[in-house]
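> Before I ask anything, here is the structure I am working with.
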Amino acid sequence: MTTPNTPLWRRITIGIACCTFIIGGSIPIATWLNIPHHYGVTGSSLFLLSSCFIALMGLTALIGTGVGRNIHRIARRYQTLHRWIGITTGSLLAMGFLAGALTLFAAPLQQWSIARLPPPSPLETSLLPLDKTTLDTLGVHTPLQYRITLTSPTTAQLSLPLAPELPLALPAAQILIHQISPHTSSLYYLAPTPAPSFIGGLHRRMGLPLPEPWAMPIIGIICLFYGLALLSGVILLLPGMWRNLMTVRLHGRARRRWLDLHSLLGLCSMPFHLIIALTTALFAFFPLFCSISDTHIVSESKQNTHSLISPESVLTQLHTLAPHFQPYRLDYILSPITADTLAARVMLHAPLYSPNPLSSKPLQTYPFLFVQGIDTYNPMIGRDRASITLNPYTGSVLEETNLSSHQSLARRLLTWCLALHFGSFGGEFVRWLYIILALCGVGFFHTANQLWLNTHRKTIKKKSSRLESSTTLWLDRITEGSLMGCLLGLCGVIALSPLTTHLIPLGNITKMASLPSIAQTSMMRLYQHITLFYYTCFALSILSCATFPRYIYRVLILILSASFLTTALTIVTLRHTAMQNTATCSLTLALALATISLWASAGFILTKRMSFLPHLSVKDPPTPEA
């Protein structure tokens with residue numbers, strides 16, 4: 001137990017032990033209450049989310065327990081804790097938010113980076129069956145999967161994925177089939193870029209160069225402390241909140257300016273940050289419940305008939321079942337393998353994923369039709385992640401867990417919690433709102449770092465300037481270098497995305513048998529190259545920040561970042577893929593605004609420096625001796 005005189009570090013240690021007990025103990029408690037059996041993964045997720053919230057509130061209360069009349073001592077505890085959490089986790093959280101802003105455009109970035117595709121076919125002739133000889137020549141005889149990508153209400157693109165494409169994994173290369181005439185088709189090999197997958201992984205790991213199963217527990221702990229810093233900041237802000245509410249003093253001491261900006265950003269986006277902290281902790285700790293599932297799959301015997309339900313019939317049936325559901329992809333998976341099953345897709349399609357999701361899953365080997373789409377009138381489990389699974393022959397519903405309009409009350413509550421994390425509701429307006437909130441989050445954590453550094457710089461007597469110590473000097477370089485390095489690396493990855501996408505006409509069909517193995521190896525190699533490129537930019541940024549003068553370093557990074565984005569915009573504009581649909585138009589507009597802002601920031605720093613140089617050349621007159 002703690003007493004009023006218990007040191008802060010001991011309180012934190014006891015609080016961490018209590019949080020571990022609460023979150024870890026939620027597993028046997030959930031099992032004892034039989035929650036997995038009655039409510040499945042939905043009830044278990046809500047139970048874990050509640051456990052994280054209780055642990056967070058308990059940790060906050062434990063820090064502040066003490067003698068009631070000694071309010072200043074309690075405030076100092078929260079202030080010390082708030083500052084140290086900010087300086088130790090602020091850079092990671094800022095990088096996570098910066099990458100998170102780009103994940104809002106993950107699907108549009110994939111379309112944006114691909115060269116112009118062959119013209120789509122009419123929807124009624126899009127499901128073009130191939131004979132077995134052609135499939136064996138293509139090397140895709142197992143697993144057999146047709147993919148119908150809807151480009152408009154009446155046209156679609158037929159393709160054959162060469163590997164299972166699971167959510168949160170690398171994209172699969174595919175063979176596009178362009179129907180020239182009723183009996184003539186041309187084939188293309190399409191290898192999409194792994195850049196969106198890399199950006200998504202970087203966001204989930206908050207920039208940590210660790211495998212995801214190792215990084216997620218660390219991320220969960222960081223998010224609990226992140227929530228603790230939020231609550232302690234509100235406690236510190238309450239006494240003078242109404243006196244200085246919405247006030248930013250741009251003149252005067254730098255510390256006061258950073259404090260006003262930090263308080264304004266934190267107060268305006270407090271609910272957003274709190275839901276981000278809790279849901280990220282849920283994602284990090286959910287592998288504790290990876291053996292639980294609430295997916296109810298109807299057992300059906302495997303169909304041997306070749307009469308697949310037509311895409312028109314599927315769309316008509318779905319419009320009747322869920323009028324607001326807008327499908328954009330139909331996957332006819334006719335011969336699933338153990339790595340691509342209905343149960344695995346259902347579990348991974350929700351963001352409540354596990355590093356080893358198949359360890360305790362029953363393997364389903366019957367065919368199924370997996371339909372993905374969006375629903376602008378209902379929350380979705382993830383951005384562009386509404387889905388339903390049908391029988392590919394009869395059209396009967398096999399699974400509708402992630403179809404928002406057909407969810408139970410508990411599942412809908414969980415969906416709303418996750419939709420508030422991903423911004424997967426409200427269409428394009430909410431997408432742009434979340435981009436603004438994510439960028440404000442970057443500024444929120446950067447101002448927290450600057451506050452700590454300004455507080456710990458040594459004051460020089462009789463002067464308004466402050467003296468840098470070795471600690472503040474290197475922390476200043478590391479925090480700014482890491483954030484600017486993340487910016488430079490992400491801009492470079494966006495520039496690489498059009499260059500790492502390949503669309504090749506397949507003229508010699510006799511050499512295509514080895515395409516599946518070649519495609520998987522090539523995709524993994526591209527992902528490794530993008531990872532190496534990003535962390536090289538990141539390391540060079542930190543090294544440059546420690547080597548060059550500050551204004552030269554900032555101008556250099558801003559110019560390089562703007563050049564990367566300018567290159568990407570030029571390439572996609574020449575390819576005529578920048579304005580394919582509403583989502584790609586939004587991405588082009590966002591990148592254009594970012595490019596203009598980066599060029600303008602670099603010009604502003606140079607102009608300010610050049611105007612300051614004449615004042616440096618004028619020497620002050622010597623002071624007369626006494």
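> Calculate the all-directions average of the projected area of the stretch 483-590's alpha-carbon convex hull, and give it in nm².
Convex hull of Cα atoms, orientation-averaged projection: 8.8 nm².
> Between L403 and residues 5 or more places away or on another chain, which pairs have amide H atoms under 5 Å apart, with H built 1.01 Å from N, and which residues are they?
S387
> Also, quick follow-up: Kindly state, to the nearest 0.05, the FRET efficiency for E428 paired with A75, given R0 = 41 Å and r defined as their beta-carbon distance.
Using R0 = 41 Å, I get an efficiency of 0.40.
> Of the trypsin sites (Lys or Arg not before Pro) in the stretch 70-116, which ones lie in a loop per DSSP and count no more than 12 other C-beta atoms within 10 Å?
R116
> Determine, from the Cβ-Cβ distance of E124 and F21 and an R0 of 56 Å, the FRET efficiency 1/(1 + (r/R0)^6), rounded to the nearest 0.05.
For R0 = 56 Å, the calculated efficiency reads 0.40.
> Figure the gain on full extension for T471 and A592 (residue separation times 0.36 nm, minus the Cα-Cα span) and round it to one decimal in nm.
Length difference between fully extended and current span is 39.7 nm.
Quick note: the coordinates plus some simple rules give every number you see, no bench work behind them. Only a predicted model underlies this, so the values are computations on that prediction, with no experimental measurement involved. Virtual Cβ from ideal backbone geometry, glycine too; neighbours counted across all protein chains shown.
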